[in-house]
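**Q** Once you've had a glance at the structure underneath, I'll fire off some questions.
A short reminder: the numbers here are calculations on the coordinates, not readings from a lab. As the structure is a computational prediction, the values presented were derived from the model and not from experiment. Here the Cβ is made from the backbone with ideal geometry for all residues, glycine too, and neighbour counts use every protein chain on show.
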Amino acid sequence: MIIIGAGIGGLLTATLLEKKYEIKIFEKGIVGGRFRNLPYRGFQLSTGAFHALPHGSTGFTARILDKAGIPHRIIDGDPWGTFLIDGKQYRFKNLYSFLSFMERFKVSRVLFDMRFTKGDDTPLGEYLNDKLNNDTVYRVVKAFCGFGMSIDPYDIPTRSFFSIVRCLYRYGGPGTVVGGCSALTDALAKGKNIIKEEIKEIVVEDNEVKGVVDSEDRFYEDNIVISDIGIKETVKLTGKNNFPGDYLKRINNIKEAEGIKINIATKDGIINHNGVLITCDTERVEGLNQVTNVDSSLAPKGYHLVMTHQTLRSNNIKKEIELGLEDIEKIFGDKDHEILLVQTFRNGFPVNRAVTGYDFDYKTPVQGLYLVGDSAKKETMEVDGISKNVLELYEYLS
Ligand SMILES: Cc1cc2nc3c(=O)[nH]c(=O)nc-3n(C[C@H](O)[C@H](O)[C@H](O)COP(=O)(O)OP(=O)(O)OC[C@H]3O[C@@H](n4cnc5c(N)ncnc54)[C@H](O)[C@@H]3O)c2cc1C
């Protein structure tokens, strides 16, 4: 079996299937992809993720790690998060204080819908407008979608959002990885056959995959190829002529989730818990976490590491960053803080290669060619969504 890409998607797949298959993983850049530590001035920043998993120690990723006996420590948020509104932090249950009696009743009905009905293609924003039309609820949901998925409520169908809500009830909220992203990806990569080469072609004959060709024109034969490089790139390497028109049309319409992360050093700290802070009254920043509340080794002694996230809302990157920095000034007020690094995620290095709700299945129209990673998430968001898809592929190939 060949896996293209040693991102967390490729590594989790190899971990589950290595007992059944002999696996070669090809990686053109750094092992771990967007789930790796990025050491900077003594801080453990990251290439992408916030050193966290959406469903912490009880989500789909943790399930794979447990199943394969991969050592890890994930500390669940307690509370999962708080919400910053008008300069004050609130727990979820206290948000009800913003609502009238009638609005509380309506919110309970909406939560019931989310937990017990499937939803449909209606955009979440439209659904909320129709059912509640409440500004505070909309701000909370908008900030949650932005922080969690780099997406606007009008861009996610209720079927996907309801599924995420169900997963939160079932598997719990976010957890932070002790040691940061690399603690997981290094442990997953250990002992694997990783070949540091770029794949430039996926070879297909009569609609069946035959192998791959690397940048040195070497051919590696195999009748199973699993791609962790995103659906667009996968089709590019395979050749469009191998895919039906309606599949290509879906790919053409695919939207990447784009965002900006701002890394901050602070001695004072901004939150006193190990969950996330969803910021609801800011111009751009939608949330942050302070991973040093879980693992102080992610920053030099005496410092906290805070990472903020915002959805990229225009192509004017300079302006978007300025608005984010203004928000940070507002959030921190007179608390000590220093901007360490601003990272922009777009153009082939996004937050997600397919926005949540528009993912592809692991099966492609080409026999033997499968898809994992962040354009093939299932049921929930981010890496736990990637892991759910990997678990299903594992069942299929076992
Ligand atoms: C700012 C930000 C914050 C995030 N926060 C979180 C979070 O807190 N929690 C969470 O769960 N998720 C988070 N995510 C999402 C998460 O980081 C990604 O979903 C995940 O890392 C994607 O993994 P992947 O394996 O799909 O892709 P990648 O990590 O991109 O891996 C793909 C790999 O394939 C390699 N590759 C590409 N082309 C080729 C080729 N032709 N030949 C060989 N190798 C190739 C690449 O070099 C790369 O290493 C965040 C993302 C960002 C950007």
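**Q** Quote the FRET efficiency, to the nearest 0.05, computed for ASN129 versus ASN94 with a Förster distance R0 of 30 Å and r equal to the Cβ-Cβ distance.
**A** So, using R0 = 30 Å, E works out to roughly 0.80.
**Q** Here's a follow-up. Relative to the Cα centre, what is the charge dipole magnitude of region 300-360, using +1 at the beta carbon of each Lys and Arg, -1 at the beta carbon of each Asp and Glu, and rounding to the nearest 20 debye? Don't skip to the end; give the middle numbers.
**A** Numbers: 8 positive and 9 negative charges, 55 e Å.
Dipole size: approximately 260 debye.
**Q** Write down the Kirkwood hydrodynamic radius of region 190-296, to one decimal in angstroms, obtained as one divided by the mean of 1/r over all alpha carbon pairs. Before the final figure, lay out each step's value.
**A** Values: mean 1/r = 0.0542 Å⁻¹.
Here the Kirkwood hydrodynamic radius works out to 18.4 Å.
**Q** As an exercise, find the ratio Rg/Rh for the chain from alpha-carbon atoms, using the Kirkwood inverse-distance average for Rh. Don't skip to the end; give the middle numbers.
**A** Details: Rg = 21.1 Å, Rh = 21.7 Å.
Result for the chain is an Rg/Rh of 0.97.
**Q** Which translational diffusion coefficient, to the nearest whole µm²/s, is obtained for region 259-345 from the Stokes-Einstein equation, given a Kirkwood hydrodynamic radius over C-alpha pairs, 25 °C and 0.890 mPa s? It would help to have the intermediate numbers written out before the result.
**A** Working: Rh = 13.0 Å.
Rounded, D is 188 µm²/s.
**Q** May I pose another question? Remind me, relative contact order of region 93-171 in percent, using alpha carbon pairs under 8 angstrom and six or more residues apart?
**A** Numbers: 66 pairs, mean separation 32.5, N = 79.
Reported as a whole number, the value is 41 percent.
**Q** Pop a pseudo-label 7 angstrom from the Cα along the beta-carbon direction at both LYS318 and GLU18 and give the gap in nm to one decimal.
**A** So the two model labels end up 4.8 nm from each other.
**Q** Here is a further query. How large is the convex hull of the Cα atoms of region 38-91 per residue, expressed in Å³ as a whole number?
**A** Working: hull volume 7.4 nm³, N = 54.
Once divided by residue count, the hull of region 38-91 is 136 Å³.
**Q** Which of HIS337, HIS51 has the fewest other C-beta atoms within 10 Å, and how do the rest follow up to the most? It would help to have the intermediate numbers written out before the result.
**A** Values: HIS337 20, HIS51 27.
Ranked by crowding around the Cβ, least crowded first: HIS337, HIS51.
**Q** Next question, about the same structure. Would you kindly compute the Cα radius of gyration of region 237-298 and its largest Cα-Cα separation (Dmax), both in Å?
**A** For region 237-298, the Cα radius of gyration and maximum Cα-Cα distance read 20.2, 57 Å.
**Q** Rank THR292, THR47, THR117 by mean-square fluctuation in a GNM of the chain with C-alpha springs under 10 angstrom and give only the top-ranked residue.
**A** Answer for the Gaussian network model of the chain: THR117.
**Q** Further question on the same structure: Per-residue ellipticity at 222 nm for the chain, helices alone: DSSP H runs ≥ 4 residues times -39500 (n - 2.57), over residue total, nearest 500 deg cm²/dmol? Can you show the working numbers first?
**A** On the way: 11 runs with 129 residues, N = 398.
One gets -10000 deg cm²/dmol as the mean residue ellipticity at 222 nm.
**Q** Compute the helix-to-body angle for 382-397: its Cα long axis versus the longest principal axis of the chain, expressed 0 to 90° and rounded to tens.
**A** Helix 382-397 sits at roughly 30 degrees to that axis.
**Q** Still on this model: Just want the ordering: LEU277, LEU11, from fewest to most Cβ atoms lying within 10 Å of their own Cβ.
**A** Ranked by crowding around the Cβ, least crowded first: LEU277, LEU11.
**Q** I need ARG139, ARG115 ordered by Cβ neighbour count within 10 Å, fewest first.
**A** Numbers: ARG139 18, ARG115 13.
Lowest count first: ARG115, ARG139.
**Q** Once the Cβ-Cβ distance between GLU103 and TYR396 is put in as r, and R0 is 51 Å, what FRET efficiency do you end up with, to the nearest 0.05? Kindly include the intermediate steps, with their values, before the conclusion.
**A** Values: r = 45 Å, r/R0 = 0.89.
It comes to 0.70.
**Q** With θ set to phi - 60° and the Karplus curve 6.51 cos²θ - 1.76 cosθ + 1.60, what are the ³J(HN,Hα) couplings of region 336-351 in order, to the nearest whole Hz, using x for Gly and Pro?
**A** Ordered by residue, 3J(HN,Hα) equals 4, 7, 9, 6, 8, 7, 10, 10, 10, 10, 6, 6, x, 10, x, 6 Hz.
**Q** Roughly how tilted is helix 8-17, in degrees to the nearest 10 and between 0 and 90, from the longest Cα axis of the chain?
**A** For helix 8-17, the angle is close to 50 degrees.
**Q** With everything on Cα atoms, drop me the angle between helix 101-116 and the longest principal axis of the chain, reported from 0 to 90° to the nearest 10.
**A** 10
**Q** On to the next question. Okay, which of region 276-301 sit inside 20 Å, backbone N to the point 7 Å along the Cα-Cβ direction of TYR40?
**A** Residues passing the 20 Å test: 277, 284-301.
**Q** In whole angstrom, and with the biggest value first, how far do the Cα coordinates of region 93-171 range along each principal axis?
**A** Here the spans come out as 29, 24, 23 Å, largest first.
**Q** Another question, if that's okay. Could you please report the charge total around GLY179, scoring K, R as +1 and D, E as -1 over all other residues with beta-carbon less than 10 angstrom from its beta-carbon? Display every interim value, and only then the final one.
**A** Details: positive: ARG73; negative: ASP186, ASP295.
Residues close to GLY179 contribute a combined charge of -1.
**Q** Could you grab the Rg to Rh ratio for region 243-398? Cα atoms only, Kirkwood for Rh. Don't jump to the answer; show the numbers that get you there.
**A** Working: Rg = 18.9 Å, Rh = 17.7 Å.
Radius of gyration over Kirkwood radius for region 243-398 works out to 1.07.
**Q** Magnitude of the Cβ-charge dipole of the chain, K/R +1 and D/E -1, about the Cα centre, nearest 20 debye?
**A** Working: 51 positive and 54 negative charges, 144 e Å.
With Lys and Arg at +1 and Asp and Glu at -1, about 700 debye.
**Q** Skipping prolines and chain starts, which residues have an amide H placed within reach, meaning under 5 Å, of the one on GLY287, given they are 5 or more residues away or on another chain?
**A** Those qualifying (amide H under 5 Å, at least 5 residues apart or on another chain) are THR279, HIS309.
**Q** With the dipole of the chain worked out from charges on the C-beta (+1 for Lys and Arg, -1 for Asp and Glu) around the Cα centre, which of PHE349, ALA14, GLN290 lies farthest toward the positive end?
**A** In the chain, that residue is GLN290.
**Q** Could you compute the FRET efficiency for LYS232 and LYS118, with r as their C-beta to C-beta distance and R0 at 45 Å, rounded to 0.05? Please report the intermediate quantities before stating the final value.
**A** Values: r = 28 Å, r/R0 = 0.63.
Plugging the Cβ-Cβ distance into 1/(1 + (r/R0)^6) gives 0.95.
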